[in-house]
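Colleague: Got a structure here, written out as C-alpha coordinates. Questions coming.
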Amino acid sequence: MAKIRVLGEEVARQIAAGEVVDRPASVVKELIENAVDAGAKSITIKTFDAGEKLVEVHDDGCGMAPDDVKLAAKSFSTSKISDAHDLFRIETYGFRGEALASISSVSRFDIVSSHGEDGEGWRVRIEGKSAVESAPAPHEKGTTVAVRDLFFNTPARKKFLKSAITERRRILETVLSFALIDPELEIHYSDNGKAVLDLVASQSWRDRITAILGASTMKHMVTVESDASPIQLRGFVSLPTHTRTNRNHQFLYVNRRLVREKTTLAAVQEAYRSVIPYKRYPVVVLAVDVPYGDVDVNVHPTKLEVRLKHPRHTFDIVCNAVKRALSAHSEAALDVGYRSAHSPADSGRSPG
Ligand code: ADP
Ligand code: MG
(Lines give C-alpha, C1' and ligand atoms only; values in the text may rest on other atoms or scores of the structure.)
(Ligands and ions follow the chains in the order given, each with its own letter.)
Protein backbone atom coordinates (compact mmCIF):
# COMPACT_ATOMS: atom_id res chain seq x y z
CA MET A 1 0.00 0.00 0.00
CA ALA A 2 1.29 3.46 -0.84
CA LYS A 3 2.63 5.33 2.17
CA ILE A 4 2.77 8.80 0.72
CA ARG A 5 -0.24 11.03 1.05
CA VAL A 6 -0.85 14.63 0.18
CA LEU A 7 -1.30 16.65 3.36
CA GLY A 8 -4.51 18.52 4.02
CA GLU A 9 -4.55 22.26 3.55
CA GLU A 10 -4.54 23.07 7.26
CA VAL A 11 -1.44 20.99 8.08
CA ALA A 12 0.30 22.28 4.98
CA ARG A 13 -0.40 25.87 6.04
CA GLN A 14 0.86 25.25 9.54
CA ILE A 15 4.07 23.75 8.18
CA ALA A 16 4.53 26.78 5.94
CA ALA A 17 3.73 29.06 8.87
CA GLY A 18 6.55 27.47 10.86
CA GLU A 19 9.00 28.83 8.30
CA VAL A 20 7.81 32.41 8.60
CA VAL A 21 6.42 32.71 12.12
CA ASP A 22 8.32 31.12 14.94
CA ARG A 23 7.78 33.73 17.67
CA PRO A 24 5.96 37.01 18.37
CA ALA A 25 8.94 38.99 17.06
CA SER A 26 8.53 37.42 13.62
CA VAL A 27 4.88 38.53 13.59
CA VAL A 28 6.05 42.05 14.48
CA LYS A 29 8.60 41.92 11.68
CA GLU A 30 6.13 40.84 9.02
CA LEU A 31 3.52 43.40 10.07
CA ILE A 32 5.99 46.29 10.17
CA GLU A 33 7.29 45.24 6.75
CA ASN A 34 3.77 45.40 5.36
CA ALA A 35 3.22 48.81 6.94
CA VAL A 36 6.43 50.21 5.44
CA ASP A 37 5.61 48.65 2.06
CA ALA A 38 2.26 50.45 2.29
CA GLY A 39 4.10 53.76 2.62
CA ALA A 40 3.34 54.34 6.31
CA LYS A 41 4.85 57.43 7.93
CA SER A 42 3.82 56.37 11.41
CA ILE A 43 3.57 52.90 12.91
CA THR A 44 2.22 51.98 16.34
CA ILE A 45 2.98 48.56 17.79
CA LYS A 46 1.19 47.27 20.86
CA THR A 47 1.96 43.96 22.50
CA PHE A 48 0.54 42.24 25.53
CA ASP A 49 2.44 39.56 27.40
CA ALA A 50 5.44 39.98 25.13
CA GLY A 51 3.28 39.36 22.09
CA GLU A 52 1.82 36.03 23.20
CA LYS A 53 -1.59 37.50 24.01
CA LEU A 54 -1.54 40.28 21.44
CA VAL A 55 0.55 41.83 18.71
CA GLU A 56 -1.17 44.81 17.14
CA VAL A 57 0.34 46.95 14.42
CA HIS A 58 -1.39 50.08 13.21
CA ASP A 59 -0.20 52.13 10.25
CA ASP A 60 -1.19 55.21 8.27
CA GLY A 61 -0.18 53.72 4.93
CA CYS A 62 -2.22 53.40 1.74
CA GLY A 63 -4.67 50.90 3.23
CA MET A 64 -6.75 48.43 1.25
CA ALA A 65 -10.08 48.31 -0.53
CA PRO A 66 -12.60 45.81 0.93
CA ASP A 67 -11.91 43.24 -1.81
CA ASP A 68 -8.20 43.38 -1.04
CA VAL A 69 -8.75 42.99 2.69
CA LYS A 70 -10.71 39.82 1.89
CA LEU A 71 -7.79 38.47 -0.14
CA ALA A 72 -4.87 39.66 1.97
CA ALA A 73 -4.68 36.65 4.26
CA LYS A 74 -5.06 34.03 1.54
CA SER A 75 -1.95 32.03 0.63
CA PHE A 76 0.19 33.49 -2.13
CA SER A 77 -1.85 36.67 -2.21
CA THR A 78 0.30 39.67 -2.88
CA SER A 79 0.06 43.01 -4.62
CA LYS A 80 3.84 43.25 -4.86
CA ILE A 81 4.85 40.90 -7.66
CA SER A 82 2.95 39.40 -10.54
CA ASP A 83 5.35 37.05 -12.29
CA ALA A 84 8.61 35.16 -11.80
CA HIS A 85 10.67 37.92 -13.44
CA ASP A 86 9.61 40.28 -10.67
CA LEU A 87 11.39 38.00 -8.21
CA PHE A 88 14.67 39.39 -9.45
CA ARG A 89 13.84 43.06 -8.92
CA ILE A 90 12.25 43.12 -5.50
CA GLU A 91 11.92 46.66 -4.17
CA THR A 92 9.54 45.87 -1.32
CA TYR A 93 10.08 43.93 1.88
CA GLY A 94 7.34 41.46 0.99
CA PHE A 95 6.66 39.57 -2.20
CA ARG A 96 5.67 36.00 -1.37
CA GLY A 97 2.18 36.80 -0.18
CA GLU A 98 2.32 34.26 2.61
CA ALA A 99 2.96 36.22 5.80
CA LEU A 100 -0.64 37.09 6.62
CA ALA A 101 -1.80 33.62 5.51
CA SER A 102 0.76 32.03 7.82
CA ILE A 103 0.09 34.28 10.79
CA SER A 104 -3.68 33.90 10.48
CA SER A 105 -3.37 30.11 10.45
CA VAL A 106 -1.76 30.07 13.91
CA SER A 107 -3.64 32.84 15.73
CA ARG A 108 -6.91 34.68 16.17
CA PHE A 109 -6.37 37.21 13.45
CA ASP A 110 -8.11 40.51 12.89
CA ILE A 111 -7.40 42.94 10.07
CA VAL A 112 -9.19 46.26 9.47
CA SER A 113 -8.18 48.53 6.66
CA SER A 114 -9.39 51.55 4.75
CA HIS A 115 -8.00 53.14 1.60
CA GLY A 116 -10.20 56.22 1.42
CA GLU A 117 -10.68 59.35 3.47
CA ASP A 118 -14.29 58.63 4.47
CA GLY A 119 -13.48 56.68 7.61
CA GLU A 120 -15.09 53.55 6.17
CA GLY A 121 -13.09 50.36 6.13
CA TRP A 122 -13.43 46.61 6.00
CA ARG A 123 -12.70 44.02 8.67
CA VAL A 124 -11.84 40.36 8.30
CA ARG A 125 -11.41 38.06 11.26
CA ILE A 126 -9.91 34.61 10.96
CA GLU A 127 -9.54 31.96 13.65
CA GLY A 128 -7.07 29.25 12.86
CA LYS A 129 -8.30 28.54 9.41
CA SER A 130 -11.73 29.93 8.83
CA ALA A 131 -12.97 33.46 8.38
CA VAL A 132 -15.39 34.25 11.19
CA GLU A 133 -16.22 37.79 10.13
CA SER A 134 -16.01 39.85 6.98
CA ALA A 135 -17.87 43.13 7.32
CA PRO A 136 -17.65 46.91 7.04
CA ALA A 137 -15.90 48.60 9.97
CA PRO A 138 -14.87 52.17 10.67
CA HIS A 139 -11.17 52.89 10.17
CA GLU A 140 -9.03 55.85 9.17
CA LYS A 141 -6.95 55.50 6.02
CA GLY A 142 -4.41 52.81 6.85
CA THR A 143 -4.43 49.38 8.37
CA THR A 144 -4.61 47.75 11.78
CA VAL A 145 -3.72 44.10 12.23
CA ALA A 146 -4.28 42.41 15.58
CA VAL A 147 -2.85 38.97 16.21
CA ARG A 148 -4.21 37.36 19.37
CA ASP A 149 -3.31 34.12 21.15
CA LEU A 150 -0.43 33.25 18.87
CA PHE A 151 -0.01 29.46 18.47
CA PHE A 152 -3.30 28.77 20.33
CA ASN A 153 -3.87 25.90 17.90
CA THR A 154 -0.27 24.71 17.71
CA PRO A 155 0.64 24.14 21.37
CA ALA A 156 3.83 22.27 20.44
CA ARG A 157 5.20 25.43 18.87
CA LYS A 158 4.13 27.53 21.80
CA LYS A 159 6.35 25.43 24.04
CA PHE A 160 9.39 26.64 22.12
CA LEU A 161 8.81 30.24 23.15
CA LYS A 162 11.38 31.59 25.57
CA SER A 163 10.73 33.67 28.69
CA ALA A 164 8.72 36.86 28.34
CA ILE A 165 11.92 38.81 28.89
CA THR A 166 13.61 37.16 25.94
CA GLU A 167 10.59 37.45 23.63
CA ARG A 168 10.18 41.09 24.59
CA ARG A 169 13.84 41.76 23.84
CA ARG A 170 13.50 40.18 20.41
CA ILE A 171 10.46 42.29 19.65
CA LEU A 172 12.31 45.43 20.68
CA GLU A 173 15.31 44.44 18.54
CA THR A 174 12.98 43.93 15.60
CA VAL A 175 11.31 47.30 16.08
CA LEU A 176 14.69 49.03 16.45
CA SER A 177 16.02 47.39 13.30
CA PHE A 178 13.37 49.25 11.28
CA ALA A 179 13.80 52.47 13.26
CA LEU A 180 17.56 52.46 12.62
CA ILE A 181 17.34 52.44 8.85
CA ASP A 182 14.39 54.78 8.43
CA PRO A 183 14.92 58.06 10.29
CA GLU A 184 11.72 59.62 8.92
CA LEU A 185 9.53 56.83 10.21
CA GLU A 186 7.65 57.62 13.41
CA ILE A 187 7.49 54.53 15.61
CA HIS A 188 5.69 53.92 18.88
CA TYR A 189 5.91 50.65 20.74
CA SER A 190 4.28 49.66 24.01
CA ASP A 191 4.03 46.40 25.92
CA ASN A 192 1.23 45.75 28.46
CA GLY A 193 0.18 49.36 28.05
CA LYS A 194 3.60 50.70 29.03
CA ALA A 195 5.51 52.81 26.52
CA VAL A 196 8.76 51.14 25.49
CA LEU A 197 9.78 53.30 22.55
CA ASP A 198 8.54 56.60 21.18
CA LEU A 199 10.45 57.89 18.19
CA VAL A 200 9.28 60.87 16.19
CA ALA A 201 10.59 61.52 12.68
CA SER A 202 14.25 62.54 12.91
CA GLN A 203 16.03 65.39 11.17
CA SER A 204 18.87 63.15 10.05
CA TRP A 205 20.03 59.58 10.03
CA ARG A 206 22.72 60.46 12.55
CA ASP A 207 20.08 61.84 14.94
CA ARG A 208 18.02 58.66 14.68
CA ILE A 209 20.99 56.37 15.27
CA THR A 210 22.04 58.51 18.22
CA ALA A 211 18.52 58.25 19.67
CA ILE A 212 18.80 54.47 19.51
CA LEU A 213 22.43 53.64 20.22
CA GLY A 214 23.06 56.57 22.54
CA ALA A 215 25.29 59.62 22.26
CA SER A 216 28.16 57.93 24.07
CA THR A 217 28.35 55.18 21.44
CA MET A 218 27.85 57.61 18.57
CA LYS A 219 30.74 59.75 19.82
CA HIS A 220 33.10 56.94 18.91
CA MET A 221 31.70 56.20 15.47
CA VAL A 222 33.08 57.43 12.16
CA THR A 223 31.26 57.95 8.90
CA VAL A 224 31.62 55.44 6.09
CA GLU A 225 30.76 56.53 2.57
CA SER A 226 31.43 55.12 -0.84
CA ASP A 227 29.91 55.62 -4.25
CA ALA A 228 31.67 52.99 -6.30
CA SER A 229 28.85 52.53 -8.77
CA PRO A 230 26.80 50.40 -8.79
CA ILE A 231 27.35 49.80 -5.06
CA GLN A 232 26.51 52.58 -2.63
CA LEU A 233 27.64 52.53 0.94
CA ARG A 234 26.52 54.74 3.82
CA GLY A 235 26.90 54.29 7.51
CA PHE A 236 28.88 54.48 10.71
CA VAL A 237 31.46 52.19 12.29
CA SER A 238 33.09 52.42 15.69
CA LEU A 239 36.71 53.29 16.28
CA PRO A 240 39.08 50.39 16.99
CA THR A 241 39.18 51.60 20.61
CA HIS A 242 35.44 51.00 20.98
CA THR A 243 34.65 47.42 20.06
CA ARG A 244 32.39 44.76 21.60
CA THR A 245 32.73 41.10 22.48
CA ASN A 246 29.95 40.03 20.10
CA ARG A 247 28.22 41.01 16.90
CA ASN A 248 25.00 42.17 18.59
CA HIS A 249 25.73 45.75 17.64
CA GLN A 250 26.24 45.16 13.95
CA PHE A 251 23.36 46.30 11.79
CA LEU A 252 23.86 45.60 8.15
CA TYR A 253 21.20 46.54 5.62
CA VAL A 254 21.23 45.48 2.01
CA ASN A 255 18.71 47.59 0.09
CA ARG A 256 17.21 48.58 3.46
CA ARG A 257 16.69 44.99 4.54
CA LEU A 258 18.43 43.95 7.77
CA VAL A 259 20.44 40.87 6.81
CA ARG A 260 23.26 38.65 7.90
CA GLU A 261 25.20 38.91 4.69
CA LYS A 262 28.45 37.10 5.34
CA THR A 263 30.59 38.73 2.66
CA THR A 264 29.87 42.25 3.83
CA LEU A 265 30.26 41.45 7.52
CA ALA A 266 33.56 39.70 6.79
CA ALA A 267 34.71 42.72 4.78
CA VAL A 268 34.05 45.04 7.73
CA GLN A 269 35.91 42.71 10.07
CA GLU A 270 38.81 42.49 7.63
CA ALA A 271 39.16 46.27 7.64
CA TYR A 272 39.88 46.10 11.38
CA ARG A 273 42.12 43.05 11.23
CA SER A 274 45.38 44.72 12.16
CA VAL A 275 43.89 47.25 14.58
CA ILE A 276 41.67 45.29 16.96
CA PRO A 277 42.30 42.12 18.95
CA TYR A 278 40.94 38.73 17.98
CA LYS A 279 37.25 38.21 18.87
CA ARG A 280 36.44 41.89 19.22
CA TYR A 281 33.75 43.36 16.99
CA PRO A 282 33.12 46.94 15.96
CA VAL A 283 29.72 48.58 16.27
CA VAL A 284 28.36 48.85 12.75
CA VAL A 285 25.36 50.53 11.14
CA LEU A 286 25.85 50.11 7.43
CA ALA A 287 23.49 50.52 4.51
CA VAL A 288 24.63 48.84 1.33
CA ASP A 289 22.57 49.64 -1.74
CA VAL A 290 22.97 47.56 -4.87
CA PRO A 291 20.79 47.40 -7.99
CA TYR A 292 17.72 45.31 -7.19
CA GLY A 293 18.71 42.85 -9.88
CA ASP A 294 22.07 42.21 -8.18
CA VAL A 295 20.67 40.63 -5.05
CA ASP A 296 18.59 37.51 -4.62
CA VAL A 297 16.35 37.93 -1.58
CA ASN A 298 14.45 34.73 -2.18
CA VAL A 299 16.96 32.34 -0.60
CA HIS A 300 15.83 32.31 3.04
CA PRO A 301 12.34 31.82 4.55
CA THR A 302 12.48 34.98 6.64
CA LYS A 303 14.79 36.73 4.14
CA LEU A 304 17.47 37.10 6.80
CA GLU A 305 20.06 36.02 4.28
CA VAL A 306 20.44 37.32 0.77
CA ARG A 307 22.72 36.34 -2.08
CA LEU A 308 24.79 39.01 -3.79
CA LYS A 309 25.59 38.69 -7.45
CA HIS A 310 29.11 40.14 -7.05
CA PRO A 311 30.32 39.13 -3.58
CA ARG A 312 34.05 39.63 -4.27
CA HIS A 313 33.56 43.11 -5.67
CA THR A 314 31.32 44.04 -2.73
CA PHE A 315 33.88 42.70 -0.27
CA ASP A 316 36.61 44.95 -1.71
CA ILE A 317 34.43 48.04 -1.78
CA VAL A 318 33.20 47.59 1.79
CA CYS A 319 36.61 46.72 3.18
CA ASN A 320 38.32 49.68 1.48
CA ALA A 321 35.60 52.13 2.50
CA VAL A 322 35.81 51.12 6.16
CA LYS A 323 39.62 51.25 6.11
CA ARG A 324 39.46 54.72 4.55
CA ALA A 325 37.03 55.90 7.22
CA LEU A 326 39.25 54.63 10.03
CA SER A 327 42.48 56.04 8.65
CA ALA A 328 40.89 59.40 7.83
CA HIS A 329 39.93 59.58 11.48
CA SER A 330 43.37 58.65 12.82
CA GLU A 331 45.06 61.13 10.47
CA ALA A 332 42.70 63.83 11.67
CA ALA A 333 43.48 62.89 15.27
CA LEU A 334 47.23 63.02 14.56
CA ASP A 335 46.77 66.36 12.88
CA VAL A 336 44.95 67.79 15.88
CA GLY A 337 47.65 66.38 18.16
CA TYR A 338 50.35 67.99 16.02
CA ARG A 339 48.60 71.33 15.88
CA SER A 340 47.96 71.55 19.59
CA ALA A 341 51.62 70.67 20.26
CA HIS A 342 52.64 73.44 17.85
CA SER A 343 49.98 75.98 18.57
CA PRO A 344 50.72 79.62 17.63
CA ALA A 345 50.64 80.68 21.29
CA ASP A 346 53.52 78.29 22.02
CA SER A 347 55.65 79.50 19.16
CA GLY A 348 54.98 83.13 19.93
CA ARG A 349 53.99 83.80 16.33
CA SER A 350 50.60 84.79 15.03
CA PRO A 351 49.13 82.46 12.44
CA GLY A 352 50.10 83.54 8.95
P1 ADP B 1 3.47 40.17 0.94
O2 ADP B 1 3.88 41.26 1.86
O3 ADP B 1 4.58 39.21 0.66
O4 ADP B 1 2.80 40.66 -0.32
P5 ADP B 1 1.56 39.49 3.03
O6 ADP B 1 0.86 38.23 3.34
O7 ADP B 1 2.44 40.07 4.06
O8 ADP B 1 2.36 39.26 1.69
O9 ADP B 1 0.47 40.58 2.61
C10 ADP B 1 -0.45 40.28 1.55
C11 ADP B 1 -0.92 41.55 0.85
O12 ADP B 1 -1.80 42.25 1.72
C13 ADP B 1 0.17 42.54 0.49
O14 ADP B 1 0.76 42.24 -0.76
C15 ADP B 1 -0.59 43.86 0.49
O16 ADP B 1 -1.24 44.06 -0.76
C17 ADP B 1 -1.66 43.65 1.53
N18 ADP B 1 -1.27 44.24 2.84
C19 ADP B 1 -0.82 43.58 3.92
N20 ADP B 1 -0.58 44.42 4.95
C21 ADP B 1 -0.90 45.66 4.50
C22 ADP B 1 -0.86 46.97 5.09
N23 ADP B 1 -0.43 47.17 6.35
N24 ADP B 1 -1.26 48.02 4.32
C25 ADP B 1 -1.70 47.84 3.05
N26 ADP B 1 -1.74 46.63 2.45
C27 ADP B 1 -1.36 45.54 3.15
MG1 MG C 1 4.38 41.02 3.84
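Colleague: Do you know which residues across the range 255-284 are of a type in the set (A, V, I, L, M, F, W, C) and under 18 Å from residue 176 (Cβ atoms)? Break it down stepwise before answering.
Modeller: Step one: of the range 255-284, the residues of a type in the set (A, V, I, L, M, F, W, C) are 258-259, 265-268, 271, 275-276, 283-284.
258, 259, 283, 284, listed by residue number.
Colleague: Looking at the range 31-53 only, could you name the residues that are touching a residue at least 60 places away in the same chain (Cβ under 8 Å) and at positive phi? Can you show your working first?
Modeller: So in the range 31-53, the residues touching a residue at least 60 places away in the same chain (Cβ under 8 Å) come out as 31-36, 38, 40-53.
Result: 49, 50, 51.
Colleague: Then there is this: What tally of residues in the range 96-116 results from selecting those that are within 15 Å of ligand 2 (Cβ to nearest atom), part of a strand (DSSP E or B) and among the hydroxyl-bearing types (Ser, Thr, Tyr)?
Modeller: Of the residues in the range 96-116, 1 are within 15 Å of ligand 2 (Cβ to nearest atom), part of a strand (DSSP E or B) and among the hydroxyl-bearing types (Ser, Thr, Tyr).
Colleague: Exposed (fewer than 15 other Cβ atoms within 10 Å of the Cβ), among the small types (Gly, Ala, Ser) and modelled with pLDDT under 80: which single residue out of 332, 266 fits that description?
Modeller: Details: 266 fails: modelled with pLDDT under 80.
Answer to the selection: 332.
Colleague: May I ask you to list pairs of residues, at least six apart or on different chains, whose Cβ atoms are under 6 Å apart, with the first in the range 187-214 being crowded, with 17+ Cβ neighbours inside 10 Å and hydroxyl-bearing (Ser, Thr, Tyr) and the second being at pLDDT 95 or above and outside any helix (DSSP H, G or I)?
Modeller: Matching pairs, first to second residue: 189/45; 189/196; 189/197; 202/183.
Colleague: Let me ask something else. Can we say residue 106 is in contact (Cβ under 8 Å) with a residue 12 or more places away in the chain, within 16 Å of ligand 1 (Cβ to nearest atom) and on the phi < 0 side of the Ramachandran plot?
Modeller: Numbers: in contact (Cβ under 8 Å) with a residue 12 or more places away in the chain: yes; within 16 Å of ligand 1 (Cβ to nearest atom): yes; on the phi < 0 side of the Ramachandran plot: yes.
Against the criterion (in contact (Cβ under 8 Å) with a residue 12 or more places away in the chain, within 16 Å of ligand 1 (Cβ to nearest atom) and on the phi < 0 side of the Ramachandran plot), residue 106 qualifies.
Colleague: Do you know which of the residues in the range 67-95 that are surrounded by 18 or more Cβ atoms within 10 Å (Cβ to Cβ) and either charged (D, E, K, R) or within 17 Å of residue 121 (Cα to Cα) (or both) is farthest from the chain's Cα centre (by Cα)?
Modeller: Checking each candidate, the answer is 69.
Colleague: If you scan the range 70-95, which residues turn out to be without any contact (Cβ under 8 Å) to a residue 60 or more places away in the chain, within 21 Å of residue 131 (Cα to Cα), assigned to a helix (DSSP H, G or I) and more than 10 Å from ligand 2 (Cβ to nearest atom)?
Modeller: 71
Colleague: For residue 77, indicate whether it is closer than 24 Å to residue 29 by Cβ, touching a helix residue (DSSP H, G or I) at 6+ places or on another chain (Cβ under 6 Å), at pLDDT 95 or above and among the small types (Gly, Ala, Ser). Steps first, please.
Modeller: Numbers: closer than 24 Å to residue 29 by Cβ: yes; touching a helix residue (DSSP H, G or I) at 6+ places or on another chain (Cβ under 6 Å): yes; at pLDDT 95 or above: no; among the small types (Gly, Ala, Ser): yes.
Answer is no for this residue.
Colleague: Kindly establish whether residue 51 is more than 12 Å from ligand 2 (Cβ to nearest atom), closer than 28 Å to residue 194 by Cα and buried (at least 23 other Cβ atoms within 10 Å of the Cβ). So that I can check it myself, show each step before the final result.
Modeller: Details: more than 12 Å from ligand 2 (Cβ to nearest atom): yes; closer than 28 Å to residue 194 by Cα: yes; buried (at least 23 other Cβ atoms within 10 Å of the Cβ): yes.
Yes.
Colleague: Is one or more of the residues making up the range 81-98 more than 13 Å from ligand 1 (Cβ to nearest atom) and on the phi > 0 side of the Ramachandran plot?
Modeller: Start the filter on the range 81-98 by keeping residues that are more than 13 Å from ligand 1 (Cβ to nearest atom), which leaves 83-85, 88-89.
Still in the list and also on the phi > 0 side of the Ramachandran plot: none.
Scanning the range 81-98, I find no residue that is more than 13 Å from ligand 1 (Cβ to nearest atom) and on the phi > 0 side of the Ramachandran plot, so the answer is no.
The values are calculated or read from the model by the stated rules, or taken from the named source; none is laboratory data. If you're wondering where the values come from, they're calculated on a predicted model, not measured in any experiment. Reconstructed Cβ throughout: ideal geometry from the backbone, glycine too, with neighbour counts over all protein chains shown.
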